[in-house]
Amino acid sequence: MSWEVVTDLLGLLNYWVVIILMMAGFYVVIAQDNLVKKIVGLNIFQVSVFVFYISMGKVSDGTAPILEEGIEVYSNPLPHVLILTAIVVGVATTALALALVVRINHSYGSIEEDEIQVIEHDEEEIA
Amino acid sequence: MAATAYYLTRLRNLFAVVMLSGVYSLFAAALYMVLDAVDVAFTEAAVGAGISTVLMLGTLSMTTDKEKVRKKPPLTALILVFMTGGVLVYGTFDMPRYGDPNAPIHQHVANRFIERSGEEVGPPNIVTSVLASYRGYDTLGETAVVFTAAVGVLIIIGRSKDRSMPNAKAVRRREEDDDITHEPSAKEKEDASS
């Protein structure tokens, strides 16, 4: 493998970091039964998408997109705006999800998904 | 950052999980700083690492902070995750390389924002100009979403009549603060919830 190929592939490293983080979040969401932990997993997933957008907006030798005399190259401001919006919306949805968890705990006395399914099943048997 | 994510998947104590997710957010903020996104960095530090950690701690105080120990590791999930990851890595080979100024994302409307926003809108910070002016409708929609979420939280837990539900009042106050993303009160809320 020649040196050019290696440096070329190093340019993709940011995407691979994003994919590792994304898969960690994905794993937590599908493999863990605890509801709070699932929400934390969703947050990990979410942040990985943010990193993906921000790293795409980066330009080599560019600076932060704040106008200044004598600076020619800026990083792309558009992804920054989108992710700024997404972070705030993400916290709002997290708050809603946590409220649901509190409510579920109030009704079922558990925040473990498999226990809740057992309780639901038992209630159907009685009914 | 990846190490934090790994320990997040392993830990059983939910309190530690929440704290570690705050650390993870802070790492993300540092990363945004390196990638030139200063506005995003301080929003993530304040909102991601601050407010959502407080919200999760509040939830834990109302539920439990111990996760049940399970016996068998979910092998199917692990295989599925690795397969998805492999497909995604394969997909990156056609992506533009990191920092490439000729990437398609830099050829569209962004250049116009950089060249004209100074005279058309005014503030030197281009992100502010785009957020408040060019894409103002996005921001309006964002406030609508946050408002809807706050209303939803109030409907779900705010109006519970029976007193058996702990801290119903405290939660309501916390969500209202969240609505205006009011940062300095985050510390006092943490004191209140602990």
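From the list A:66, A:44, which one is facing chain B (nearest Cβ under 7 Å) and within 29 Å of residue B:86 (Cβ to Cβ)?
Sole residue among the options that is facing chain B (nearest Cβ under 7 Å) and within 29 Å of residue B:86 (Cβ to Cβ): A:44.
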- Please state which of the following conditions residue B:45 fails to meet, knowing it meets all the rest: (1) more than 9 Å from chain A (Cβ to nearest Cβ); (2) under 24 Å from residue A:103 (Cβ atoms); (3) of a type outside the set (Phe, Trp, Tyr). (2)
- Task: Determine, yes or no, whether residue B:148 is modelled with pLDDT of 75 or more, closer than 18 Å to residue A:56 by Cβ and among the polar types (S, T, N, Q).
- Result: no
- Which of (1) in a helix (DSSP H, G or I); (2) within 28 Å of residue B:103 (Cα to Cα); (3) more than 7 Å from every other protein chain (Cβ to nearest Cβ); (4) aliphatic (A, V, I, L, M) does residue A:104 not meet, given it meets every other one? (2)
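Do we find that residue B:73 is at pLDDT below 75 and either exposed (fewer than 15 other Cβ atoms within 10 Å of the Cβ) or outside any helix (DSSP H, G or I) (or both) in this structure? Before you say what the answer is, go through the steps one by one.
On the way: at pLDDT below 75: yes; either exposed (fewer than 15 other Cβ atoms within 10 Å of the Cβ) or outside any helix (DSSP H, G or I) (or both): yes.
Here the answer is yes, as residue B:73 does meet what is asked.
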- Query: Say we look at region B:120-161 and pick out the residues that are without any contact (Cβ under 8 Å) to a residue 24 or more places away in the chain and touching a strand residue (DSSP E or B) at 6+ places or on another chain (Cβ under 8 Å); which of these is surrounded by the most Cβ atoms within 10 Å (Cβ to Cβ)?
  - Reply: B:126
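Each row is one residue, and each column tells you yes or no for (1) open to solvent by less than 20 Å² (accessible area, probe 1.4 Å); (2) touching a strand residue (DSSP E or B) at 6+ places or on another chain (Cβ under 6 Å); (3) not charged (D, E, K, R).
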residue: B:6; (1), (2), (3): no, no, yes
residue: B:10; (1), (2), (3): no, no, no
residue: B:15; (1), (2), (3): no, no, yes
residue: B:35; (1), (2), (3): yes, no, yes
residue: B:61; (1), (2), (3): no, no, yes
residue: B:64; (1), (2), (3): no, no, yes
residue: B:81; (1), (2), (3): yes, no, yes
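Which of the residues belonging to region A:20-32 are within 7 Å of chain B (Cβ to nearest Cβ) and either touching a residue at least 12 places away in the same chain (Cβ under 8 Å) or open to solvent by 60 Å² or more (accessible area, probe 1.4 Å) (or both)?
So the first thing to find is which residues in region A:20-32 are within 7 Å of chain B (Cβ to nearest Cβ), and the list is A:20-21, A:23-24, A:26-28, A:30-31.
Matches in region A:20-32: A:20, A:21, A:24, A:26, A:27, A:28, A:30.
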- Considering B:90, B:24, B:7, B:98, which residue is without any contact (Cβ under 8 Å) to a residue 60 or more places away in the chain, under 30 Å from residue B:131 (Cα atoms) and part of a helix (DSSP H, G or I)? B:24
- Looking at region A:69-83, which of its residues are open to solvent by less than 10 Å² (accessible area, probe 1.4 Å) and more than 7 Å from chain B (Cβ to nearest Cβ)? A:79
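The values are calculated or read from the model by the stated rules, or taken from the named source; none is laboratory data. Since we're looking at a predicted model, the values are computed, not measured. Positions of Cβ are backbone-derived with ideal geometry, glycine not excepted, and every protein chain shown enters the neighbour counts. The protein model used for the area step is the full one, side chains on, heavy atoms only, and it has no ligands, DNA or RNA in it. Shrake-Rupley method; radii C 1.70, N 1.55, O 1.52, S 1.80 Å.
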